[in-house]
Amino acid sequence: MSEYPPVALYIDGEWTNGTGSRGDDVVNPASGEALGRVPFAEPPDVDRAIDAARTAFPGWRDMGPDRRSAILHRAAGLIRQRAADIGRVMTLEEGKPLAEATGEVHRAATLLEWDCEEGRRAYGRIIPTDPSQILSVRQTPVGPVGAFVPWNFPAGGPMRKIAAALAAGCSIVIKPSEEVPGTVCSLAQAFADAGLPAGVLNVLFGVPDEISRRVIASPAIRFVAFTGSVPVGKHIAGLAAASMKPAIMELGGHAPVIVCADADPVAAARACVQAKVINAGQVCTSPSRFLVHQSLLPAFSDAFVAAMRAIKMGDGLDDGVQMGPMVSERRRTGVHRLVADAVSRGARVVLGGEPTPGPGFFYPPTVLVDVPADAALLHEEPFGPVAPISGFAGIDEALALANALPYGLAAYGFTESAATAERLIAGFEAGILSINHCGGSVPQAPSGGVKDSGYGREGGHEGLAGYLVTKRVSHRLSA
């Protein structure tokens, strides 16, 4: 595939440009040039998608896990077969390196396969009771789902919602980002080609607040799933609460890294840089506050700066590129605002620190030291390739700094001591923890935040919980 594919709304098994004329350009962040145009859904289109999900739900629910599983496994196989083409579309519209994008497509297929099998294990149970009755617990699909996801993982983000909903036996109306529509359209086509019944999956693009308000308020929608920033998440959660809809909220973070006195500073620095530059730092679990024991601070900083300096930045389609551009000029401006604010308050930039001139929305790997505590960079999610490094004297001080923010999504620690690791695990106020690496989410384990970073879990057997209703059944066998 050499060109960007056409994109459209996917409603009730049909591709359509909708009933209106509104839309927006899809822009290649590596060049700033338009790739194509995405149509916006108007209220009649949103209503049609909701009605399609409502109508399709009973048939999909009653199909049973075996028949649903066969369709979903076929879809996963098609996504794997098309991973190279879908990955190229992702790089064109979002900017991440091609290998990273293609890997994300394969991980999305793996997630679909995992959730598909979890749907077959939505077990109930029989509770011992009086012999004259059967007391049981049943799990049934909650109903049509309204889902909303951002742009930073164009395949993985939508698939987290789609896979869980469909595997549980629910239908779904999903609004992905208008900045990266091509990837999710490719996924939707794979589901259609696999034989997914019309109306089970519906994909909308448009003005976010218009669509979210209409979808969430509809009586047909029974569950809300959102990934995005904390402010928008609180708004979506409020809309769901107003309609008494259960919800899952996977919101932003500002992940601390604690490098303890017994850690290998060079190995820790290299691991942190590897995670920091994934998707140009545009990851909600990206390590973003680096707290290093004072005895290791010089060695860690030197190794960190050297590793960041060695990162090759460029167009994600070019060979050897390790980090692409920011997704938009708005995002690049936001990152630079945080850097400039820190410098104005006394921070020192030891690498990077200025937008890259020329076409595209590039911002170089950037390292700051001596960042004062009141700098916005230490309080607002940076969502970019920016790393503030500071020292600490003891574990209690480090944990206090790590937990000082309202975020609680991810946290990382480096230590050679099992006892120290357990102390960090117990002390971190976060839902996703990694020790001696900065690994991301995996399908077989739950991910999610605490505090302002949201509630609910995605992945593992916990990931289907919100998409299922627990019924308690007491069946008396005789009068």
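The values are calculated or read from the model by the stated rules, or taken from the named source; none is laboratory data. Source: prediction; values computed, not measured. For neighbour counting, all protein chains shown are included, and Cβ atoms are generated from backbone atoms with ideal geometry for every residue, glycine included. Remember, those area values only see protein heavy atoms, side chains included, never the ligands or the DNA or RNA. Shrake-Rupley method; radii C 1.70, N 1.55, O 1.52, S 1.80 Å.
Among the residues of the stretch 180-196, write down those that are in a helix (DSSP H, G or I), open to solvent by 10 Å² or more (accessible area, probe 1.4 Å) and of a type in the set (G, A, S). Across the stretch 180-196, the qualifying residues are S186, A192. When V305, V277 are screened for being in contact (Cβ under 8 Å) with a residue 24 or more places away in the chain, closer than 30 Å to D25 by Cβ and among the β-branched types (V, I, T), only V277 passes.
Just wondering, is there one or more residues in the stretch 172-179 that are at pLDDT 95 or above, in a loop (DSSP other than H, G, I, E, B) and more than 30 Å from E33 (Cβ to Cβ)? Within the stretch 172-179, not a single residue is at pLDDT 95 or above, in a loop (DSSP other than H, G, I, E, B) and more than 30 Å from E33 (Cβ to Cβ).
The set of residues in the stretch 197-211 that are open to solvent by 40 Å² or more (accessible area, probe 1.4 Å) and in a loop (DSSP other than H, G, I, E, B) comprises P197, A198, V207. Only one of the listed residues (G77, G59) is under 14 Å from L187 (Cβ atoms), open to solvent by 20 Å² or more (accessible area, probe 1.4 Å) and among the small types (G, A, S). That residue is G77.
Here R67, R37 are screened, and the one residue that is modelled with pLDDT of 95 or more, open to solvent by 20 Å² or more (accessible area, probe 1.4 Å) and farther than 16 Å from A165 by Cα is R37.
Quick check: anything in the stretch 439-453 closer than 21 Å to L297 by Cβ, part of a loop (DSSP other than H, G, I, E, B) and aliphatic (A, V, I, L, M)?
no
Residues that are over 27 Å from E329 (Cα atoms) and open to solvent by 20 Å² or more (accessible area, probe 1.4 Å) within the stretch 85-110 comprise H106, R107, T110, listed in sequence order. For the stretch 292-316, residues that are among the hydrophobic types (A, V, I, L, M, F, W, C), touching a Phe, Trp or Tyr at 6+ places or on another chain (Cβ under 8 Å) and surrounded by fewer than 23 Cβ atoms within 10 Å (Cβ to Cβ) total 1. Somewhere in the stretch 461-476, is a residue over 30 Å from S132 (Cα atoms) and assigned to a loop (DSSP other than H, G, I, E, B)? Within the stretch 461-476, none of the residues are over 30 Å from S132 (Cα atoms) and assigned to a loop (DSSP other than H, G, I, E, B). The residue that is least open to solvent (accessible area, probe 1.4 Å), counting only those in the stretch 232-266 that are within 26 Å of P325 (Cα to Cα) and either assigned to a helix (DSSP H, G or I) or of a type in the set (D, E) (or both), is G233.
Which members of the stretch 212-231 meet the condition of being in a strand (DSSP E or B) and either open to solvent by less than 10 Å² (accessible area, probe 1.4 Å) or hydroxyl-bearing (S, T, Y) (or both)? Walk me through it before giving the result.
Kept after step one, since they are in a strand (DSSP E or B), are these residues of the stretch 212-231: 223-227.
Correct list: F223, V224, A225, T227.
Exactly one residue out of G13, G23, G32 is closer than 28 Å to A83 by Cα, open to solvent by 10 Å² or more (accessible area, probe 1.4 Å), in contact with a Lys or Arg (Cβ under 8 Å, 6 or more places away or on another chain) and of a type outside the set (D, E, K, R), and it is G23.
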